[in-house]
1. Taking the solvent-accessible surface of protein heavy atoms with a 1.4 Å probe, what is the per residue accessible area of the chain in Å²?
2. Let me have the relative contact order for the chain, percent, based on Cα pairs under 8 Å that are six or more residues apart.
3. Of His136, His36, His5, which has the most accessible area and how do the rest follow, probe 1.4 Å?
4. How much of the DSSP bridge set in segment 1-88 is antiparallel, in percent, rounded to the nearest 5?
5. Probe radius 1.4 Å, ligands and nucleic acids ignored: give me the carbon and sulfur share of the accessible area of the chain as a rounded percent.
6. How large is the helix-only mean residue ellipticity at 222 nm for the chain, computed as the sum of -39500 (n - 2.57) over DSSP H runs with n ≥ 4, divided by its residue count, in deg cm²/dmol to the nearest 500?
7. List the relative contact order of segment 1-98 as a percent without decimals, with contacts defined as Cα pairs under 8 Å and 6+ residues apart.
8. If packing is taken as the average count of other Cβ atoms within 10 Å, what order do 83-89, 158-164, 139-145, 128-134 fall into, highest mean first?
Amino acid sequence: MTILHIDSSITGEQSASRAISAGIVEQLRAGNPAAHVVHRDLVADPLPHLTLDAFADSSVVEEFLGADTVVIGAPMYNFTLPTQLKAWLDRIIVAGKTFRYTEAGPDGLAGGKRVIVALARGGFYDSSSPASALEHLESYLRGVFGFIGIEPEFVAADGLNLGPEQRENSLRQALAETVRLAA
Ligand SMILES: Cc1cc2nc3c(=O)[nH]c(=O)nc-3n(C[C@H](O)[C@H](O)[C@H](O)COP(=O)(O)O)c2cc1C
């Protein structure tokens, strides 16, 4: 089994999404010690913005297609995903590889893979929150992975910037959730 571990937070050791994505990978490995893990740090090794020339290089989409499970650390920056993570998505949403258009509409080709996303958000965006209309991270990732045939799973730490106690509680709950996910 191959696990592709993607990180995109710019905050290094302080990062909540990195702590949670690492927790998920640790739990998955505990259940499958022979698993091969490939770590792609999109901040240490950023992918350039998409260009037409970039389509000639299929290495990023092949790496994605070769993974059985993909774990993604996804912090919310300015109500959506970091540009580093968008640059990666731009390489894996590829016609003929991960989706195709048919007469009946778009068809996802990347099904059968598990995608687990570690979300870290400074505020709260549930449907009862006044900020819910600004949630373009989880909703976008659900939509884009759905388009290629995958229903992603999410582990979320929310309210991280609302004080140290809230941060600690949210992180603890998210890390506990990783145990359930890997079970
Ligand atoms: C540049 C930047 C922009 C941010 N924008 C938002 C935002 O729009 N909404 C929000 O709820 N939190 C926002 N935050 C807070 C982060 O979502 C929060 O700190 C989270 O922990 C980030 O994940 P990380 O710790 O893995 O970097 C922002 C943080 C940074 C550094």
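1. On the way: 9310 Å² over 183 residues.
Computed with neighbouring chains in place, this is 51 Å² per residue.
2. Values: 324 pairs, mean separation 45.4, N = 183.
The value is 25 percent.
3. Details: His136 85, His36 110, His5 15 Å².
The residues order as His36, His136, His5, largest area first.
4. Numbers: 1 of 11 bridges.
Among the beta bridges of segment 1-88, antiparallel pairing accounts for roughly 10 percent.
5. Details: 4890 of 9310 Å².
With neighbouring chains kept in place, the figure for the chain is 52 percent.
6. On the way: 5 runs with 63 residues, N = 183.
The helix-only estimate for the chain comes to -11000 deg cm²/dmol at 222 nm.
7. Working: 127 pairs, mean separation 42.2, N = 98.
Computed value for segment 1-98: 43 percent relative contact order.
8. Details: 83-89: 20.0, 158-164: 14.7, 139-145: 16.3, 128-134: 11.0.
The most tightly packed comes first, giving 83-89, 139-145, 158-164, 128-134.
The values are calculated or read from the model by the stated rules, or taken from the named source; none is laboratory data. Predicted model only: the values in this text are computed from it and were never measured. Neighbour counts run over all protein chains shown; Cβ positions are idealised from the backbone, glycine included. In case anyone asks, the SASA skips ligands and DNA or RNA and just uses the protein heavy atoms, side chains included. Shrake-Rupley method; radii C 1.70, N 1.55, O 1.52, S 1.80 Å.
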